[in-house]
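**Student:** First, the structure itself, so that you have it in front of you.
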Number of protein chains: 2
Amino acid sequence: MKPMQLLVIGGVAGGLSFATRARRLNEEAEITVLERGPDISFANCGLPYHIGGEIPNRQSLTIQTPQSLKDMFRLNVRINCNALQIDREKKRVLVVDRISNEQEWIAYDKLMLAPGARPAMPDIPGIDDPAVFTLRNLQDMDRIIAIARPDMRAVVVGGGYVGLELLEQLHKKGLKTSLVHLHSHVLHQFDSQVIQPLQNELKANGVQTYFNNHFTSFSREGEVLKCQLARGDVVETDMVIFSIGVRPESDLAREAGLVLSEAGHVVVNQFMQTSDPDIYAAGDVVQTRERHYGQRVAIALAGPANRQGRVAADHIFQEIFAQPYPGSIGTSIVRLFGMVAAGTGWTEQALIESGRSYNTVTVHEHQHASYYPGAEMITLKLIWEPESGKILGAQATGKDGVDKRIDVLATAIIGRMTIDDLCHLELAYAPPFGTARDIINIAGFAATNMRDGLIRLIHTIPDDPAVQLLDVRSRQLVERSPVEGAIHIPFPALRKNLGKLDKNKPVIVICQLGRTSYFASRVLSQNGFHAVSLTGGIRGLGHTEKSGVYTPCTTCSSI
Amino acid sequence: MKPMQLLVIGGVAGGLSFATRARRLNEEAEITVLERGPDISFANCGLPYHIGGEIPNRQSLTIQTPQSLKDMFRLNVRINCNALQIDREKKRVLVVDRISNEQEWIAYDKLMLAPGARPAMPDIPGIDDPAVFTLRNLQDMDRIIAIARPDMRAVVVGGGYVGLELLEQLHKKGLKTSLVHLHSHVLHQFDSQVIQPLQNELKANGVQTYFNNHFTSFSREGEVLKCQLARGDVVETDMVIFSIGVRPESDLAREAGLVLSEAGHVVVNQFMQTSDPDIYAAGDVVQTRERHYGQRVAIALAGPANRQGRVAADHIFQEIFAQPYPGSIGTSIVRLFGMVAAGTGWTEQALIESGRSYNTVTVHEHQHASYYPGAEMITLKLIWEPESGKILGAQATGKDGVDKRIDVLATAIIGRMTIDDLCHLELAYAPPFGTARDIINIAGFAATNMRDGLIRLIHTIPDDPAVQLLDVRSRQLVERSPVEGAIHIPFPALRKNLGKLDKNKPVIVICQLGRTSYFASRVLSQNGFHAVSLTGGIRGLGHTEKSGVYTPCTTCSSI
């Protein structure tokens, strides 16, 4: 039998995981990998960290070579090689060698499209200035490194993951950095109350920020690049890096008549087959499904790309054992100076936009025993489906332990687990690693308390003479940040002073973090008051979501 | 209606979580908490770390006081108060105040038994020497601190969690430490190939170890305590701390005629009710069920204790909303100098003892991108049920990121997830936090590869002339640690040298970590050889379990 001809377009995550898995499954196949650039299998997620010098060795970003892949997996890797056209009828691809300019047709039995996505760029005057960059590959990185010097100014456009990594690393290198972002806060897909610590971190590190803003033109005056903002300001800088998202590299697929989504992603089935069953696609170029509701999504992340390539290879060679790609939930993480933000699954914003019902609570807790040195607060927002209690999403920020909590909750989402399950997750506890009741347990407690009617939450202090405002904080805290119009009864004195409150008016209970107000609202409710707890306490004020923010337990391991 | 009388015996984890939850659910109840010692709600998990000075402030271990609990939760806390007898007929408990020696009967409607467990001590000559300690409470801790000086010698008996924490902290304080342990390696419930890095850590830190050994007597010669070992040696030391496990404090329950397990634990139902429905029990004193097979277990850990107390309070006051305690899986973690070991669920040993079938694989991977500074290897052993693919247990060791992986796998066990689910867990990835294919994904890949017949594993090199031994490592590695009798063909040269092997004899393929031998065994199998890969490679040699140890991917994010 003639060996199967596999042709792979794209030699990074999806393409190479497909090619190497295919080889492990089939020793005979002829496998050719086309890579448009000069590097195969480079570590694109490491690029910002080499710019900042945190990854000192450029070579560590390019571990594989065409030769090493030939030696290990008998892959025919052709770098600097561009695919120009797919002839689906004759099952062949027209390819040009970008060095020699020679063209040739390469035949395939099965074709894998893993061309990735390119950085988005606005079409505005001056965008072609040599000091305006994007960051996709090692060559982009080299160009940025070649001009970035510690005494310079740099503007990053886009406060998403890569934008924040770039900001951090340029700042680390000593550049004076600014951020221009189209939305009101960084990582705009995150809900605002979770992201505040990152906003603070930008300020604390002296990053000049322009939110709800974007550039409309660039012009050069000698050494200086003048950048016009839509809201009027002009920013003078030495370099600009755009990091405002990516566009799928789907021109080839479109021209070949494959079905694309409205946004231009290649539509695939659960085995990563496109509308042509002999053509597979994986990675940033495809649209897949969200795991919970099956909504169509495009998620440009390395993990899904790698696993999609593997699924496609299994589908070709492992027929009866092949498992479908189960969809994505979009788990992601970013470090910004001393803070970490991570999220998984649905956000409140996305649920509102898709018109689905949900409940949410936000809790605060230390990452490990509060009495063990280095305890730092994590803020965790949990989102679940009201009818089933199933976890839909979570977001967290903090200095330490954020990745662990989001990974646990990503696992809970994939396992279709509920808020009741979270109450009884049995996580590893010793003082350096956690608490006897992890913040995830506490989020489960808070969520089930809401469901079971043990607490009513409000997200802002109403300006309404018909309610009583009760502040249960200590005298010291009240003196430091008084709340106008509040009756002050420290919680330990509450039971003896119930007579000071009017049973005919609702009581809005406030405290610092939302924990003591929960305790107080339990006392009040059981004494015949209509009590509502201010979510997130004073610290949470100014939030606009309907989320409940409270902590039933912080420091005492036994309560 | 007369308020309900709740009486709680034990004022630490289970008892106080019961009492405070009860108060939040019921404002009227009269809640009395009896604590035999002088401290309420102390942080018992922090004791070793105060001995070593890592937690400098003793006060941070005693956050709550009887007064603070009265102020916040209207609890009547009585310290130094011992329960002597339960009169179930009259629903009352005889109590003695240990200071005044006064006795009284206290009535209850519902009684909570949360007396904990006491450190086990062997009955051997000299055990009552004042330099022989156990560590249960702050007073034990104070006594140890009072005599431990940096120039001293100390022996820890028992290489379990607390024993290892004590060893580490005494060493940190400057004492010359020894360990006596009844089994062949520390944390004997862990499987041996995972625990080797901890054994190495003991050696690297100069801890004198006596495995498969125990003390038979102590005798004093002036300042020196002479400790006789069962295997003949005599250890001279200045102090000995026993940490060989705990015994449930169930005398009171036994005398009251409650049903106990053979090992003396109080038997409870899923709402933590003992055989007397008005008496609940929680924490180290009870026997509960393992979550997967429902086997009866006793797990002395803080997390379960806290949640059990809460379940009991819910059962009394939240009738229709009360959720049962779902059982325990025994997730646990310990740090020993620079290494961390953690585990969850079933171990291979326990499955063998209970006669259940299982499969297992062990993989190695970095905790985060290998090209990002500080990459360290984790070793992860995964255990699953062959028929269903459900995860039964996991154990891991490494310097960093071990807690996260075990927490994710604990969640997967509780969610009854399978090896297929692990392949597609979508965990948070950025270079400082993980890899595009996390070690948990890789464990899933390895497990499904085994199930699907893509790899056969062997755990040791057979001394059998009927097999061929093939070493596919590089020349450098082979020269550094040659394996006798092996044919050496570096993997990149394998396909061209298949003629050097005999198709009529099985080929045992070996490499350094077990990864390249997997690749090679795929090449051989597809070329008609009967190929078997040495699990864990050369590094894994000497292991006795049947586990497969291999890593399909280490450094390259794209393969």
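**Student:** Any chance the range A:94-115 includes a residue that's surrounded by fewer than 20 Cβ atoms within 10 Å (Cβ to Cβ) and closer than 24 Å to A:S332 by Cα?
**Tutor:** no
**Student:** Here is a further query. Output the residues belonging to the range A:35-62 that are within 8 Å of chain B (Cβ to nearest Cβ) and charged (D, E, K, R).
**Tutor:** Answer for the range A:35-62, where residues must be within 8 Å of chain B (Cβ to nearest Cβ) and charged (D, E, K, R): just A:E54.
**Student:** Quick check on this structure: which one of B:T65, B:T32 is of a type in the set (V, I, T), more than 8 Å from chain A (Cβ to nearest Cβ) and within 25 Å of B:S275 (Cα to Cα)?
**Tutor:** B:T32
**Student:** Working carefully through the options A:R136, A:R92, find the one that is out of contact with any Gly (no Cβ under 7 Å at 6 or more places or on another chain), basic (K, R) and under 17 Å from A:V8 (Cβ atoms). Steps first, please.
**Tutor:** Details: A:R136 fails: under 17 Å from A:V8 (Cβ atoms).
Step by step, each of A:R136, A:R92 is checked, and only A:R92 is out of contact with any Gly (no Cβ under 7 Å at 6 or more places or on another chain), basic (K, R) and under 17 Å from A:V8 (Cβ atoms).
**Student:** May I pose another question? Only one of these conditions is not met by A:K90: (1) within 14 Å of another protein chain (Cβ to nearest Cβ); (2) out of contact with any Lys or Arg (no Cβ under 9 Å at 6 or more places or on another chain); (3) farther than 21 Å from A:G303 by Cα. Which number is it?
**Tutor:** (1)
**Student:** Cβ-Cβ distance below 6 Å, separation of 6 or more or different chains: which pairs start in the range A:128-153 with a residue that is within 19 Å of A:A43 (Cα to Cα) and end on one that is part of a loop (DSSP other than H, G, I, E, B)?
**Tutor:** A:N137/A:G37; A:L138/A:D39; A:L138/A:F42
**Student:** Something else: Do we have any residue at all in the range A:305-313 that's over 28 Å from A:V194 (Cα atoms), in contact with a His (Cβ under 8 Å, 6 or more places away or on another chain) and at the interface with another protein chain (Cβ under 9 Å from one of its Cβ atoms)?
**Tutor:** Yes - at least one qualifying residue is present in the range A:305-313.
Okay, residues lined up against (1) assigned to a strand (DSSP E or B); (2) buried (at least 19 other Cβ atoms within 10 Å of the Cβ); (3) within 14 Å of another protein chain (Cβ to nearest Cβ):
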residue: B:V334; (1), (2), (3): yes, yes, yes
residue: B:A342; (1), (2), (3): yes, yes, yes
residue: B:I352; (1), (2), (3): no, no, no
residue: B:S357; (1), (2), (3): no, no, no
residue: B:V363; (1), (2), (3): yes, yes, no
residue: B:H368; (1), (2), (3): no, yes, yes
residue: B:P373; (1), (2), (3): no, no, yes
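**Student:** Residues that are more than 25 Å from B:V234 (Cα to Cα), touching a residue at least 24 places away in the same chain (Cβ under 8 Å) and of a type in the set (D, E): does the range B:184-193 have at least one?
**Tutor:** Within the range B:184-193 (the criterion being more than 25 Å from B:V234 (Cα to Cα), touching a residue at least 24 places away in the same chain (Cβ under 8 Å) and of a type in the set (D, E)), the answer is yes, since at least one residue qualifies.
**Student:** Evaluate the range B:32-39: report whether one residue or more is assigned by TED's automatic domain parsing to the domain that holds B:I9, assigned to a helix (DSSP H, G or I), surrounded by fewer than 24 Cβ atoms within 10 Å (Cβ to Cβ) and within 27 Å of the chain's Cα centre (by Cα).
**Tutor:** No: zero hits.
Conditions (1) modelled with pLDDT under 95; (2) among the polar types (S, T, N, Q); (3) within 37 Å of the chain's Cα centre (by Cα); (4) in a loop (DSSP other than H, G, I, E, B), marked per residue:
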position	(1), (2), (3), (4)
A:F433	no, no, yes, yes
A:Q476	yes, yes, no, no
A:L513	yes, no, yes, yes
A:L524	no, no, no, no
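**Student:** In this structure, does A:L501 turn out to be surrounded by 17 or more Cβ atoms within 10 Å (Cβ to Cβ) and either assigned by TED's automatic domain parsing to the domain that holds A:Y371 or at pLDDT 90 or above (or both)?
**Tutor:** When the stated conditions are applied, A:L501 passes them.
**Student:** When the range A:403-422 is examined, which residues are found to be more than 7 Å from chain B (Cβ to nearest Cβ) and touching a Gly at 6+ places or on another chain (Cβ under 6 Å)?
**Tutor:** Of the range A:403-422, the ones more than 7 Å from chain B (Cβ to nearest Cβ) are A:405, A:409, A:413, A:416, A:418-419, A:422.
Within the range A:403-422, A:I413, A:T418, A:I419, A:L422 meet the criteria.
**Student:** I would also like to ask the following. Any residue in the range A:379-394 that is without any contact (Cβ under 8 Å) to a residue 40 or more places away in the chain and closer than 24 Å to B:G434 by Cβ?
**Tutor:** yes
**Student:** State whether one or more residues within the range B:116-130 are in contact with a helix residue (DSSP H, G or I) (Cβ under 8 Å, 6 or more places away or on another chain), more than 10 Å from chain A (Cβ to nearest Cβ) and assigned to a loop (DSSP other than H, G, I, E, B).
**Tutor:** Yes, that holds for at least one residue.
**Student:** Going by the conditions given, is A:L425 away from chain B (no Cβ under 14 Å), within 29 Å of the chain's Cα centre (by Cα) and not in a strand (DSSP E or B)?
**Tutor:** Considered against the rule, which asks whether it is away from chain B (no Cβ under 14 Å), within 29 Å of the chain's Cα centre (by Cα) and not in a strand (DSSP E or B), A:L425 comes out as no.
**Student:** How many residues does the range B:129-188 hold that are of a type in the set (A, V, I, L, M) and under 19 Å from the mean Cα position of the chain (by Cα)?
**Tutor:** So in the range B:129-188, the residues of a type in the set (A, V, I, L, M) come out as B:131-132, B:135, B:138, B:141, B:144-148, B:152, B:154-157, B:162, B:164, B:166-167, B:170, B:175, B:179-180, B:182, B:186-187.
Adding the requirement that they be under 19 Å from the mean Cα position of the chain (by Cα) leaves B:135, B:156-157, B:162, B:164, B:166-167, B:179-180, B:182, B:186-187.
Number satisfying all stated conditions: 12.
**Student:** Go through the residues of the range A:381-394 one by one and say whether even a single one is modelled with pLDDT of 95 or more, part of a strand (DSSP E or B) and surrounded by fewer than 24 Cβ atoms within 10 Å (Cβ to Cβ).
**Tutor:** yes
Yes/no matrix, rows are residues, columns are (1) closer than 26 Å to A:A313 by Cα; (2) surrounded by 24 or more Cβ atoms within 10 Å (Cβ to Cβ); (3) outside the structural domain of B:Y371 (by TED's automatic domain parsing):
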site: B:A430; (1), (2), (3): yes, yes, no
site: B:I439; (1), (2), (3): yes, yes, no
site: B:R473; (1), (2), (3): no, yes, yes
site: B:N497; (1), (2), (3): no, no, yes
site: B:R522; (1), (2), (3): yes, no, yes
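**Student:** Moving to a separate point now. Only one of (1) buried (at least 24 other Cβ atoms within 10 Å of the Cβ); (2) of a type in the set (A, V, I, L, M); (3) at pLDDT below 95 fails for B:I419. Which number is that?
**Tutor:** (3)
**Student:** Please enumerate the residues belonging to the range B:82-107 that are within 21 Å of B:I40 (Cα to Cα) and aliphatic (A, V, I, L, M).
**Tutor:** Passing the criteria: B:A83, B:L84, B:V93, B:L94, B:V95, B:V96, B:I99, B:I106.
**Student:** Test B:V311 against the stated conditions and say whether it is buried (at least 19 other Cβ atoms within 10 Å of the Cβ), under 21 Å from B:I414 (Cβ atoms) and not assigned by TED's automatic domain parsing to the domain that holds B:L166.
**Tutor:** For B:V311, the condition - buried (at least 19 other Cβ atoms within 10 Å of the Cβ), under 21 Å from B:I414 (Cβ atoms) and not assigned by TED's automatic domain parsing to the domain that holds B:L166 - is met.
Conditions tested, residue by residue: (1) among the charged types (D, E, K, R); (2) within 25 Å of A:A430 (Cα to Cα).
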| position | (1), (2) |
| --- | --- |
| B:D251 | yes, no |
| B:D278 | yes, no |
| B:E290 | yes, yes |
| B:A305 | no, yes |
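**Student:** Can you pull out the residues in the range A:446-455 that are surrounded by 17 or more Cβ atoms within 10 Å (Cβ to Cβ) and assigned to a loop (DSSP other than H, G, I, E, B)?
**Tutor:** Passing the criteria: A:L454, A:I455.
**Student:** Take the residues in the range B:282-308 that are among the small types (G, A, S) and more than 24 Å from B:E28 (Cβ to Cβ), then tell me which one is surrounded by the fewest Cβ atoms within 10 Å (Cβ to Cβ).
**Tutor:** The extreme case among them is B:G294.
**Student:** Still on this model: Is it the case that the range B:236-245 has a residue that's over 30 Å from B:I145 (Cβ atoms) and crowded, with 18+ Cβ neighbours inside 10 Å? Lay out the reasoning, then the answer.
**Tutor:** In the first step, residues of the range B:236-245 are kept if they are over 30 Å from B:I145 (Cβ atoms); the result is none.
No, that holds for no residue.
The values are calculated or read from the model by the stated rules, or taken from the named source; none is laboratory data. Not measured: the values here are computed from a predicted model. Ideal geometry is used to build each Cβ from the backbone, glycine not excepted, and the neighbour counts take in all protein chains shown.
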